[in-house]
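This report refers to the structure that appears directly beneath it.
Laboratory data are not the source of any read-out in this text; all were calculated from the coordinates shown. It should be emphasised that the depicted structure is a prediction, and the values quoted were computed from it without experimental measurement. Methodologically, a virtual Cβ is constructed for each residue, glycine included, from the backbone with ideal geometry; neighbour enumeration extends over all protein chains shown.
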Amino acid sequence: MEYYELHPVTPQLRFINKAVEVLRSGGVVIYPTDTVYGIGCDIFNREALERVYYIKQDAGTKLFSFICPNLKDIAKYARVSDYAYKTMKKLLPGPYTFVLPAAKEVPKKLWTKRETVGIRVPDHNIALELTKELGNPIVSTSVTKRNGDLLYNAEEIKLIFENQVDLMLSVGPLDGEPSSIIDLSREEPEVLREGAGDVSYFY
């Protein structure tokens, strides 16, 4: 596994580009977000998606969300109502995952049974730069142990996943909570998980 330490606010572009090269070649990377570290790949690479599912198979994760670089990009991959757009405009970028009706462009592997997808626009330069430079969304699923416990320490993550992923971008320890998950696929919003993002807006 390639391992690079980046500045969290002004990340070195050469390391971002190395990660993008790995993603374009069907690789799997670990990267920081505004909450915790994520495991990701290009959502349009089927083999890479299968690898991420294999890595996470015992962690009890059902919904894999993905990261878009901005609100405008979300509309390519989900059907966004006026209410959903106004809501996301107020809260993004930020520590939220929004569940929206899936657009046909999104691989079915990422759809729920209700034909929805989870989409993030994190408030973190590295995650956003990855998607911008790649030109496609990337999978966003938290880095965890086999039992589902979150991992925060970059060195520990490196040791555990050294033979499972191709590259890791590190900013040192991250001690955040997972993102709050908000379902905007129906007429009324529903908070599916209270996490790092303030959900008082929805009550």
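Nearest-5 percent of antiparallel DSSP beta bridges in the stretch 63-203?
Percentage antiparallel, nearest 5: 70.
Pop out the Kirkwood hydrodynamic radius of the chain from its pairwise C-alpha distances, inverse of mean 1/r, in Å to one decimal.
16.7 Å
Identify, among G197, V80, P8, the residue whose Cα sits farthest towards the positive end of the charge dipole of the chain, taking +1 on the Cβ of Lys and Arg and -1 on the Cβ of Asp and Glu, with the dipole about the Cα centre.
V80
When the dipole is taken about the Cα centre of the stretch 2-202, and only Lys, Arg (+1) and Asp, Glu (-1) are charged at their Cβ, what size is it in debye, to the nearest 20?
That gives the stretch 2-202 a dipole magnitude of about 740 debye.
Taking the number of other C-beta atoms within 10 Å as the exposure measure, put S179, S81, S185 in order starting with the fewest.
Arranged by neighbour count, lowest to highest, S179, S81, S185 become S81, S185, S179.
How about the stretch 119-151: which trypsin sites (Lys or Arg not before Pro) there are in a DSSP loop, with at most 15 other Cβ atoms within 10 Å of their Cβ? Display every interim value, and only then the final one.
Numbers: sites: R120, K132, K145, R146; in loops: K145, R146.
Of the trypsin sites (Lys or Arg not before Pro), the ones in loops of the stretch 119-151 whose Cβ has at most 15 other Cβ atoms within 10 Å are K145, R146.
Hey, could you get me the Stokes-Einstein D for the stretch 85-203, Kirkwood radius over alpha-carbon pairs, 10 °C and 1.306 mPa s, rounded to whole µm² s⁻¹?
99 µm²/s
Filter the cross-link list K56/K86; K18/K158; K108/K158 down to pairs whose alpha-carbon distance in this structure exceeds 29 Å.
Too far apart for the 29 Å limit: K56/K86; K108/K158.
With each run of n ≥ 4 DSSP H residues scored as -39500 (n - 2.57), what mean residue ellipticity at 222 nm is computed for the chain after dividing by its residue count and rounding to the nearest 500 deg cm²/dmol?
For the chain, the value works out to -8000 deg cm²/dmol.
So how far, in whole Å, is the C-alpha centre of the stretch 82-97 from the one of the stretch 171-203?
One Cα centre to the other: 11 Å.
Positive end of the dipole of the stretch 103-169, charges at C-beta (+1 Lys, Arg; -1 Asp, Glu), about the Cα centre: which of V165, I126, P137 has its Cα farthest in that direction?
The residue sitting most towards the positive pole is P137.
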